[in-house]
Amino acid sequence: MLRKTIILLIILSVGIFFSSCDDNLIELDTKETEIVNNIKGDFNNVNFDVGTFITPMNFPLGLFDEKLIEDYFDKTKKIGPIVGIQSNWFEADNKDLQELGKNLAKKSKEKGFIFIYQSNIHSTDAKTIKTPNSVKGNSFTEEDVKNAYTQEMLRVAEEIKPDILFIAVELNNLLFNNNEKEFNAFKEYSKNLYQILKEKHPDITISISFGWDHMKLRNEEHVLMDFKDNLDVYSLSTYPAIFGLTSVDDIPENHYSDILEYLPENARISIGESGWSSIGKGSSEEEQKKYYERLPELYKKINPEYVIISYVHDLPDNNIPKGTENYFDLFSRQGLYDVEGNPKPALKVVQKYN
C-alpha cells in the first residue's frame, strides 16, 4: 500500500511539474506576442543591413572559445548578416589576439556573414596615440609609427581579409581630448594609407568612424570633408544618451540628417556603432525598445549602408571593457539579450528591420 502511495505521489508531482512548465511557456509566448503587437514604427523602407560586435564576453580569456563564439553567431543570425570585432592596435603584439581575429573572420565567412574589422589607434581614454611595445614612438608625426601602422593594416587585409576595414575608430575623440596635433597627423597620413590599401586590396571597403554625438556637441562637423579622399564610407558612432537625454522622444528629427551639410555629394554613410542602454536615468527596456523603433525614421535621410548595434548581449559587471567603468550605465546594458541570454523587447524590433 505504501509503495502504491509513493508511486501515486511521484505521478502527481511530475504532472504538476509539466503543468507548471506549460503555464510558463504560455506566459512566455503571451509576453512575446504582446511585444510584437505593440511594436510601433514604419519598417517598410528599411534599406540597411544590421550587425553586431563580438565582445570580450565571447572570449573572456582572450582565446577562441568554440562554445561561446557559436552562441554569438547563433544570436547574431537572428539579427542580421554582419559581424564585427574591434581591436586595439596597442595589443597587436599579442599572438593569441591575432589568431582570434583570423579564426573569427574565417568562421564568419564560413557561416555567410559579412565581416568588419575595426582598428583603434588611440589609448583607452582616447587622449593619445598608443602603439604596441614593439613600435618605437607614439605619434603619427613619426615615420616609424606610420610605417608600423601601414604594415599592421596590410597584415589585417592579407591575413584576416575583412570585407570592411576601419583604419580608425572614433577618430575625433582626439579632438574631444584636445589632441589636435595627432588628429591632424593621422588625417594627413590616412590619405596615403588609403591609397596603399586600395591598390593592394581594392575589394576591401575602407572606413573611418567619427563619434557623431561628441562632434555635434563641439560643432566640429566641418572636419568631415577633409577625409573625402581617405575612405570609401564615412561611419558614425552614436549613443544619443551622451547628450544627457533620458527619453528617446527627445532625439531631434534632424540629429543625423544634419551630417549631409558636411559631406561630399553622394557620400556613402554607415553606422559603425549605435545603442541605447536599458538601465540608467530615465531608461528601461521599454525605452530601449522605443529607440530601435525610431531608428528607421531617424536614419531615413542619411540612408546608411549598414548599422552595427552594440551589443548582441549585455555585459556582466566583471566584463566591462577597461576604461569604460565610468560609463557603466551607458555601455553595460546595451544588449539585445540580457546577461543570462534572455531576449529583451528591443530584439523583436530589430528583427523587423530585415
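For the range 92-102, give me the residue count where each residue is part of a helix (DSSP H, G or I) and over 19 Å from the mean Cα position of the chain (by Cα).
Here the count works out to 4.
Give the residue, chosen from Phe186, Phe243, Phe227, that is among the hydrophobic types (A, V, I, L, M, F, W, C) and surrounded by fewer than 16 Cβ atoms within 10 Å (Cβ to Cβ).
After applying the criteria, what remains is Phe243.
Restricting the search to the range 169-204, which residues are assigned to a loop (DSSP other than H, G, I, E, B), of a type outside the set (S, T, N, Q) and at pLDDT below 95?
Result: no residue meets the conditions.
From the list Ser270, Ser257, exactly one residue is under 15 Å from Glu170 (Cβ atoms) and polar (S, T, N, Q). Which is it?
Answer to the check: Ser270.
With respect to Ile114, is the statement that it is under 20 Å from Ile167 (Cβ atoms), within 16 Å of the chain's Cα centre (by Cα) and buried (at least 18 other Cβ atoms within 10 Å of the Cβ) true?
Yes.
Scan the range 127-143 for residues that are of a type in the set (Asp, Glu) and surrounded by 13 or more Cβ atoms within 10 Å (Cβ to Cβ) and jot them down.
Glu142, the sole residue that qualifies.
For Tyr311, work out the one condition from (1) modelled with pLDDT under 90; (2) more than 26 Å from Phe43 (Cα to Cα) it doesn't fulfil.
Checking Tyr311 against (1) modelled with pLDDT under 90; (2) more than 26 Å from Phe43 (Cα to Cα), the one that fails is (2).
Restricting attention to the range 251-274, which residues are under 23 Å from the mean Cα position of the chain (by Cα), charged (D, E, K, R) and either in a helix (DSSP H, G or I) or closer than 25 Å to Ile82 by Cβ (or both)?
Within the range 251-274, Asp258, Arg268, Glu273 qualify.
How about the range 222-247: which of its residues are over 29 Å from Gly280 (Cβ atoms) and either in contact with a His (Cβ under 6 Å, 6 or more places away or on another chain) or among the polar types (S, T, N, Q) (or both)?
Correct list: Asn230 only.
Here are some residues: Ile69, Ile82, Ile54. Which one is within 30 Å of Asp125 (Cβ to Cβ), hydrophobic (A, V, I, L, M, F, W, C), under 21 Å from the mean Cα position of the chain (by Cα) and modelled with pLDDT of 90 or more?
After applying the criteria, what remains is Ile82.
The values are calculated or read from the model by the stated rules, or taken from the named source; none is laboratory data. Quick caveat, the model's predicted, so the values are computed rather than measured. FYI the Cβ positions are ideal-geometry reconstructions off the backbone, even for glycines, and counts take in every protein chain you see.
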